[in-house]
Structure formats: structure tokens, C-alpha cells
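Participant: One structure follows; several queries about it will come next.
The values are calculated or read from the model by the stated rules, or taken from the named source; none is laboratory data. These numbers were taken from a predicted model, which means no experiment stands behind them. Cβ placement follows ideal geometry from the backbone for every residue including glycine, while neighbour counts extend to all protein chains displayed. Areas reflect the complete protein model, heavy atoms only, side chains present, ligands, DNA and RNA absent. Shrake-Rupley method; radii C 1.70, N 1.55, O 1.52, S 1.80 Å.
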Protein chains: 2
Amino acid sequence: MTTRPPRPRERGIPEATVARLPVYLRALQALQDRGTATVSSEALAGAAGVNSAKLRKDLSHLGSYGTRGVGYEVEYLIYQISRELGLTQDWSVAIVGIGNLGRALANYGGFGTRGFRIAALLDADPEVVGRSVASLDVRHIDSLEEVVRTKGVSIGVIATPAGSAQGVASRFVEAGVTSILNFAPVVLNVPDGVDVRKVDLSIELQILAFHAQRRADGDGQTHRSGLEVT
Amino acid sequence: MTTRPPRPRERGIPEATVARLPVYLRALQALQDRGTATVSSEALAGAAGVNSAKLRKDLSHLGSYGTRGVGYEVEYLIYQISRELGLTQDWSVAIVGIGNLGRALANYGGFGTRGFRIAALLDADPEVVGRSVASLDVRHIDSLEEVVRTKGVSIGVIATPAGSAQGVASRFVEAGVTSILNFAPVVLNVPDGVDVRKVDLSIELQILAFHAQRRADGDGQTHRSGLEVT
DNA sequence: CCCACTTTGTGCGTGCTTTCACAAGCACGT
DNA sequence: ACGTGCTTGTGAAAGCACGCACAAAGTGGG
């Protein structure tokens, strides 16, 4: 554990920064589509909805890719962020649970920024298995392990009902998948080394309700100015 | 400061805590369904996937609802958290954009924990308008203002393509909606006092990719133990 | 060649979050 | 009535994250 010869590499990008990089990336791509070649931190921050100092600090974690007095070259920055996020390689994704949500995900054109390829759609319902969704045949959940192996799936997406989610997660893990995106409203139990992210509609609604109630409560003159406007 | 007559009230619950309350709530409801009457912070924290000290501190912001040596009474705690989150009143929700995602949301049974009522589904596509989804008629987007007014909509959900999202958001705001849940991959621009939350599939995938790449990079023996296992 | 102007990169203070560790409190058995 | 054992609630410490404000660095005009 001594050598790190060709690597003045950045050690550990803060989690909060990582979460914002995709937002910057999207804003940059919009700028590129509009033909913009160069952008200042101020302008990009505006487009991404963040403070410009924060943006500069975030970018500084990747390296010094700006030019003082000028700004950032859009194309170059897109490349650097993409590389940092690992989007220069292809990620193979399997989606389990082809209900409305699964279909919505399967059809999510281009899958945001490219880099993600849907390798397989799986479901347990015989009614759904065999159908074609987004130009892919829905396969039976029993072939999960085989699909992961043959298609080199590295990211598993769970869009099943809550009751089936843990089982699917365990099978993913068992099959060697170490990145899971979970849409089911349950806390998944996975071993260390497996990365689970959760997307949960009802939690978001409840947070909104909390703030709405708070606004309604204190309504009189104590209006609250600084609301999160992500 | 001697008096605190009718208000041992909590002032300002930390945002991080608010974001976790729905998770606790769900875990508690699962316990209740299983017939559990009482739970310790340790056990509940386990079910919610957090540290028990964190859980206790979170709950302490609501008040002292536990009994030392025993734990928390499940039913009572459910009530307290629900009240704090504003789930004891009904929230009227309108969903705009009835594609696959919109349909998935509309069918999201019970809408997590009750408290949320889908008041209307709206879309711009004449092909979709008039159809019945989840026992509701899809109405044309032009009636947004009327629907908000007559149905008392307080939360707007945007499930449209990126291009239409800002327009819809502005109309919501104009109509008086101050809570918005946005599924479209764009940064919404709204005035102060409007609360926007964002749910973004491709951002989550990119974050997963980042961590996966990082694991692959440093793979040798420098394995990283402390991964987020939300 | 130098000066005025612009914009990046970052040191620093501030406030929020998490975690530890323990005193205070309650139940129950004797 | 009292001691034992368990669990809560919280002070204090450490770690992150944010945003200000400014020095450093580059551009372009005269």
C-alpha cells in the first residue's frame, strides 16, 4: 500500500458534490445544445439552481478546469464530469417489476445522459412475461441470475411491490450486483459493500406536506422566506 | 425565560430529521401490522436502517414520547409523527402528465400512508384526455386553474416531459399551489415561498455509477467498508 | 508593456448533522 | 421499600457543508 505513482488524483469527492454533478452535467448539455462554447460559474450556477461559489468549489474537487477571466469550456467540462461520474463506460441495467413504473423506467428515453443500457426486463407475473416493452422482451424473474451473468448487469433496478423487493435485492446481491436502485417503499437489507439508493414518492409527498402545514400554521405574519427551491 | 405555559412546542425540526420521519412512520406501521405494541429505539432504528442515537435525537425533536426502560408505544408514536408531518389532514394532489409515470403514480395504491387524495389527472395529449386512469377521468391541462380552485389542490405533481415542466410549474404557482413534486429532469424556476422537491431517476443512476466506478478503481485491497446502505 | 477588468480557486467563519457516552428515569422482582 | 437492569433523552465533540470575500490569474485595450 505505498504506490500511487501516476496518480495525483483527487481523493474523495464529497457526497454532496457527487449528488450535484449530474445536475451540472445536464445544464451543460443544454448549453451545448444551444451552441454555447464557454460558460461562467455564475451562469452555470444559475442554470443549475445553485450558488456560484458552491459550484466553483464542487468543480474544484475534480481539478482546475476553468480559465480565470473567461470561465469553463462547456465541452471539456462535460467530458470531465462524465468521466468522473463513470459515464464514459457503459453500465448494464436490469429492471425488475414491469408494472406502470417499470414501463415508465424502460421507456425513459436515452436513459438520461447516455452511459446506461437496459440489458433486461424481468417480472414474475406470467401475464407480463413474454410481452415486449421498449423493444425488449420481458423475461421471467427466474432467469435473473442468468441474465446478470450473461449480460454483465452491474446495476439492478427494483420496481416491484414492497413485498417482493427484499427478495429481489437478495438475489441481485447473490448474483454479484453491487449497485441497486430501489423504488419499492421498504428499507432493503444488504451486506456491506453493496450500494443501495432509494427513490420514494410517498416520502417526498410527506416532506412537502410537512412544509405546507408549517407554512399554514405560522401563517399570520411570520411568513418564512427561505424555502428550499431546489 | 421562566414561562412556557401552553407551549412546550418544538421550534423548527431540522430538515434532516423531517426527511427521516416518513421512514420511521413506515417502519412503525409495519410493526403495528405485525401486532407489536411497543418498540425500543434500537429495534426501530434497525427497521428504519439508521443509527439508534440518531433516531432518539430525531424523535426528541417532537417531544418526549418514550418511556425509559421500555421504549416507545407504537400506536402513539405513529399518531405523533403523522400529526407532525401533517398527515392528519387531507392533502389534495393533482398529477400532470399521464404517461407511464403518471399512471404509475395514479395507481400508487393508498398513496403511501393515507392523507393524500388524488384530486385530478391532467394531460395535454387529446389521445389521453378523457380516458379513465385509476378510476379518474383524465382532464385537459387547460382546466388546471379551475381544478386547483374547485378541488382545493395544494400539491402539484409534474410528470411531464422536460420541455413542458416549467410551464406547468408556473401555472401551478399562478393558481396558488405552493408545493410541487417534480419528476421532470429540469431545474424549475419558482418564486420564493414555493416548495419544490425533485425526483430524478437519471441522477440516482449516475450517483450509483460514480460509486461503482470508484469501487472498481480502487479495487485491489483498498476496499471501502463504509458504504451508504440507505 | 502596462493597466483595468473579469472570473476562477480557496481560506475561513458559521451553522447543521452525526455520533458517542452517560446521567436520569422507569419497571419489576424481591 | 429498595436495588437491579434496561432504555430514553441529551450534552459535548467531531465532521461536513455552505457561502463570503478576496487573492491569484488570465484577457484585452491602449
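Participant: Sort through B:S179, B:S170, B:S202, B:S164 and tell me the only one that's at the interface with chain A (Cβ under 8 Å from one of its Cβ atoms) and at pLDDT 95 or above.
Facilitator: That would be B:S179, the only listed residue that is at the interface with chain A (Cβ under 8 Å from one of its Cβ atoms) and at pLDDT 95 or above.
Participant: To continue, here is another question. Just the residues that are touching a residue at least 60 places away in the same chain (Cβ under 8 Å) and open to solvent by less than 50 Å² (accessible area, probe 1.4 Å), please, taken from region A:161-171.
Facilitator: Within region A:161-171, A:V168 is the sole residue that qualifies.
Participant: Please specify each residue of region A:205-214 satisfying the condition of being out of contact with any Asp or Glu (no Cβ under 8 Å at 6 or more places or on another chain) and within 7 Å of another protein chain (Cβ to nearest Cβ).
Facilitator: A:L205, A:Q206, A:I207, A:A209, A:Q213
Participant: Considering only region B:121-134, I want to know if a residue exists there that is more than 27 Å from B:Y24 (Cβ to Cβ) and in a helix (DSSP H, G or I).
Facilitator: Among the residues of region B:121-134, not one is more than 27 Å from B:Y24 (Cβ to Cβ) and in a helix (DSSP H, G or I), which makes the answer no.
Participant: Now for a separate question. Could you tell me whether A:V39 is more than 16 Å from DNA strand D (Cβ to nearest atom), at pLDDT 95 or above and open to solvent by less than 40 Å² (accessible area, probe 1.4 Å)? Working first, answer last.
Facilitator: Values: more than 16 Å from DNA strand D (Cβ to nearest atom): no; at pLDDT 95 or above: yes; open to solvent by less than 40 Å² (accessible area, probe 1.4 Å): yes.
So A:V39 fails the test.
Participant: Here is a list of conditions, (1) under 19 Å from the mean Cα position of the chain (by Cα); (2) more than 25 Å from A:N100 (Cα to Cα); (3) more than 12 Å from DNA strand C (Cβ to nearest atom); (4) not small (G, A, S), and B:F116 meets all of them except one; can you say which number that is?
Facilitator: (2)
Participant: Let me ask another. What residue, of A:I118, A:I98, is closer than 18 Å to A:V168 by Cβ and part of a loop (DSSP other than H, G, I, E, B)?
Facilitator: Details: A:I118 fails: part of a loop (DSSP other than H, G, I, E, B).
Among A:I118, A:I98, only A:I98 is closer than 18 Å to A:V168 by Cβ and part of a loop (DSSP other than H, G, I, E, B).
Participant: Further, regarding this structure: Can you pull out the residues in region B:42-79 that are within 8 Å of DNA strand D (Cβ to nearest atom), over 23 Å from the mean Cα position of the chain (by Cα) and away from chain A (no Cβ under 14 Å)?
Facilitator: B:E42, B:A53, B:S64, B:Y65, B:G66, B:T67, B:R68, B:G69, B:V70, B:G71, B:Y72
Participant: Would you pick out the residues in region B:155-206 that are in a helix (DSSP H, G or I) and of a type in the set (F, W, Y)?
Facilitator: B:F172
Participant: Can you pull out the residues in region B:172-199 that are charged (D, E, K, R) and open to solvent by 10 Å² or more (accessible area, probe 1.4 Å)?
Facilitator: Within region B:172-199, B:E174, B:D192, B:R197, B:K198 meet the criteria.
Participant: Consider only pairs whose beta carbons are under 7 Å apart and that are at least six residues apart or on different chains; among these, list those whose first residue lies in region B:41-54 and is among the acidic types (D, E) and whose second residue is open to solvent by less than 60 Å² (accessible area, probe 1.4 Å).
Facilitator: Cβ pairs passing all conditions: B:E42/B:S52.
Participant: From the set of residues in region A:42-93 that are polar (S, T, N, Q), out of contact with any strand residue (DSSP E or B) (no Cβ under 7 Å at 6 or more places or on another chain) and within 24 Å of B:A209 (Cα to Cα), which is most open to solvent (accessible area, probe 1.4 Å)?
Facilitator: Out of the qualifying residues, it is A:S64.
Participant: To continue, here is another question. Kindly list the number of the only condition in (1) under 22 Å from A:N189 (Cβ atoms); (2) under 19 Å from the mean Cα position of the chain (by Cα); (3) aliphatic (A, V, I, L, M) that fails for B:V18.
Facilitator: Checking B:V18 against (1) under 22 Å from A:N189 (Cβ atoms); (2) under 19 Å from the mean Cα position of the chain (by Cα); (3) aliphatic (A, V, I, L, M), the one that fails is (1).
Participant: Then there is this: Do you know which residues across region B:1-36 are at pLDDT below 95, open to solvent by 50 Å² or more (accessible area, probe 1.4 Å) and more than 11 Å from DNA strand D (Cβ to nearest atom)?
Facilitator: B:M1, B:T2, B:T3, B:R4, B:P5, B:P6, B:R7, B:R9, B:R11
Participant: Among the candidates B:A120, B:A124, B:A106, which residue alone is away from chain A (no Cβ under 14 Å), under 30 Å from B:E145 (Cβ atoms) and open to solvent by less than 20 Å² (accessible area, probe 1.4 Å)? Don't jump to the end; show me each part of the working.
Facilitator: Values: B:A124 fails: open to solvent by less than 20 Å² (accessible area, probe 1.4 Å); B:A106 fails: away from chain A (no Cβ under 14 Å).
Unique residue meeting the criteria: B:A120.
Participant: From the list B:L77, B:L62, pick out the single residue that is part of a helix (DSSP H, G or I), farther than 27 Å from A:V196 by Cα and either touching an Asp or Glu at 6+ places or on another chain (Cβ under 6 Å) or modelled with pLDDT of 95 or more (or both). I'd like the intermediate steps shown before the answer.
Facilitator: Details: B:L62 fails: part of a helix (DSSP H, G or I).
So the residue among B:L77, B:L62 that is part of a helix (DSSP H, G or I), farther than 27 Å from A:V196 by Cα and either touching an Asp or Glu at 6+ places or on another chain (Cβ under 6 Å) or modelled with pLDDT of 95 or more (or both) is B:L77.
Participant: While we're looking at this one, here's another question. Among the residues in region B:146-156, are any facing another protein chain (nearest Cβ under 10 Å), open to solvent by 60 Å² or more (accessible area, probe 1.4 Å) and not acidic (D, E)?
Facilitator: No, because not a single residue in region B:146-156 is facing another protein chain (nearest Cβ under 10 Å), open to solvent by 60 Å² or more (accessible area, probe 1.4 Å) and not acidic (D, E).
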